[in-house]
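Report on the following structure.
The values are calculated or read from the model by the stated rules, or taken from the named source; none is laboratory data. Quantities reported herein were computed from a predicted structural model and do not represent experimental measurements. Cβ sites come from the backbone with ideal geometry, for glycine too, and all protein chains shown count toward neighbours. SASA here: full protein model, heavy atoms, side chains in, ligands and nucleic acids out. Shrake-Rupley method; radii C 1.70, N 1.55, O 1.52, S 1.80 Å.
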Amino acid sequence: KYVLEIYSVRGKKYKFDLMDATLSNGQVPRLPSTSEQDPFVKSLCVTVTDHSSMLQQQDQKYAITRMHLTLEGKVRKPMKELPPMDFMARNIATSFRCLDPENRLTATALPSGHTLLLDPSMQGQIYVNGRFITSWGQDPRIGSHGVALFGMDLHSIPVWSGKIVDFEALKVAYGQLWHEILIDARLFDLNIGTRLLNRLVSGKDGIEDEEEESYDDQQDSVNVNVDCLETQVLATPKYDLVGIAAKALATRFAAQYGKDAFPCQAHEVEWVKQLLPNRKPIVVPVRLSTILRRGGYFDAKKTEEELWFSTNVRPATEKEEKELINNAVRLLDKAGCVDITPEQIAFATSNDTGYGVLTNKVISDKSVCRYSEVRQQYCVHEGYLKTALSDLYDTPGDAKETKQRKAFLLGMYLAQAHPDGALLPRYLLRNRESL
């Protein structure tokens with residue numbers, strides 16, 4: 001029951017039983033009947049007037065100086081079902097980040113002042129000005145889908161009655177936070193880019209967690225196919241206008257997996273090997289590949305177009321190059337191919353194809369020639385000009401024979417890239433004497 005004790009200045013004590021009383025709003029004080037509420041917490045609205053100032057004006061003899069509300073009687077729950085005595089203290093500590101007893105790892109972005117919460121236990125937690133508001137992906141009131149891989153403490157976000165009013169403003173602020181975090185050299189030691197990349201791939205930080213469990217265990221415990229808030233804000237110009245954060249993550253991907261790594265889905269591995277034989281396919285979740293596409297890693301077909309038929313293409317200029325092309329076209333004419341002219345054949349000169357001076361890998365990696373049906377153009381890797389054919393023959397020939405053999409092989413690769421599948425066997429059968 002509720003008991004109100006009033007102490008006067010003369011030491012008298014008044015005790016009032018409020019079980020039959022009503023509050024100022026007409027409610028009758030009652031103990032809560034649901035088990036979800038804390039049985040220690042009771043609320044009672046009492047209005048106290050400052051009688052000390054009135055005492056001097058009205059010359060009163062008595063004045064109330066202290067009120068004390070106590071709860072008497074037995075608790076209606078068994079003692080073993082009661083929460084611990086620090087129940088309220090822990091709830092308050094979790095509601096305000098400054099009261100958190102643990103020193104959790106954070107990173108503050110400049111100049112916005114937003115804070116990224118790096119500790120895995122705070123994934124999805126949203127704070128505004130240091131006060132906990134909600135958890136992303138777990139609050140049905142906001143209609144958020146997916147998960148958030150990091151926590152955040154934002155400011156300048158509209159909040160009304162403890163609820164976020166505009167979640168679009170939250171996404172804009174979160175995108176700005178990542179934009180500033182990933183390009184800030186002060187935070188390099190925190191490996192935030194690596195943490196983001198590993199959480200997108202496996203759901204774990206990958207720094208300490210990899211020592212505790214294998215990759216297969218991580219895949220079983222974390223569903224990496226679920227969309228996440230980081231993908232929503234980094235993969236669209238609406239929240240990251242320039243795409244600097246996505247480009248920074250793509251740079252981190254290349255540093256971690258190698259410059260020859262190419263992100264793809266599991267069903268695209270063989271296709272990548274065929275189109276980009278000099279690249280190493282890395283299977284990643286869709287939520288990461290979506291960001292990397294904006295950061296500069298295009299799909300396999302577009303990447304092939306960029307490497308072979310973009311600005312790094314030149315026509316044949318040297319006398320030996322023109323002679324090589326003319327001899328190859330002459331052999332193709334003997335095979336009945338009349339739609340390949342020397343003007344359609346160019347050379348790819350960029351080192352972006354992954355070889356540089358390693359020209360001996362052009363043949364072994366099936367990267368001698370590519371055909372663009374849109375441009376009606378054949379591109380030959382420049383490295384083929386410097387390829388030594390001595391390893392392909394048992395008996396090396398003189399300079400004239402070497403030129404003949406190189407022209408024959410070039411014609412064979414052009415026939416292989418031709419849309420007509422019957423051209424290659426026709427070419428081999430009708431030009432046997434060229435060998």
Practice item. Scan region 312-351 for residues that are of a type outside the set (D, E, K, R), outside any helix (DSSP H, G or I) and out of contact with any Phe, Trp or Tyr (no Cβ under 8 Å at 6 or more places or on another chain) and report the count. Key: 8
Review point. Are there any pairs with C-beta distances below 8 angstrom linking a residue in region 302-313 that is free of Cβ contacts under 8 Å to residues at least 60 places away in the same chain to a residue that is hydrophobic (A, V, I, L, M, F, W, C), with the two at least 6 apart or on different chains, and if so which?
Key: Thr303/Phe262; Thr303/Leu275; Thr303/Leu276; Glu306/Phe298; Leu307/Leu276; Leu307/Ala348; Asn312/Ala348
Practice item. Considering only residues that are touching a residue at least 60 places away in the same chain (Cβ under 8 Å) and surrounded by 12 or more Cβ atoms within 10 Å (Cβ to Cβ), look in region 90-111 and name the one that is farthest from Leu187 (Cα to Cα). Key: Leu105
Exercise for review: Sort through Lys238, Lys247 and tell me the only one that's modelled with pLDDT of 85 or more, assigned to a helix (DSSP H, G or I), closer than 26 Å to Gln123 by Cβ and of a type outside the set (A, V, I, L, M, F, W, C).
Suggested key: Lys247
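If you check Ala422 against the conditions, is it over 15 Å from Ile325 (Cα atoms) and open to solvent by less than 70 Å² (accessible area, probe 1.4 Å)?
Working: over 15 Å from Ile325 (Cα atoms): yes; open to solvent by less than 70 Å² (accessible area, probe 1.4 Å): yes.
In short, yes.
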Revision key, fill the gap. Taking region 220-235 and keeping residues free of Cβ contacts under 8 Å to residues at least 60 places away in the same chain and assigned to a helix (DSSP H, G or I) leaves Asp220, Ser221
Review point. Which of the following residues is at pLDDT below 90 and of a type in the set (Lys, Arg): Arg426, Arg405, Arg330?
Key: Arg405
Review point. Residues in region 116-124: is at least one acidic (Asp, Glu), open to solvent by less than 60 Å² (accessible area, probe 1.4 Å) and at pLDDT below 50?
Key: no
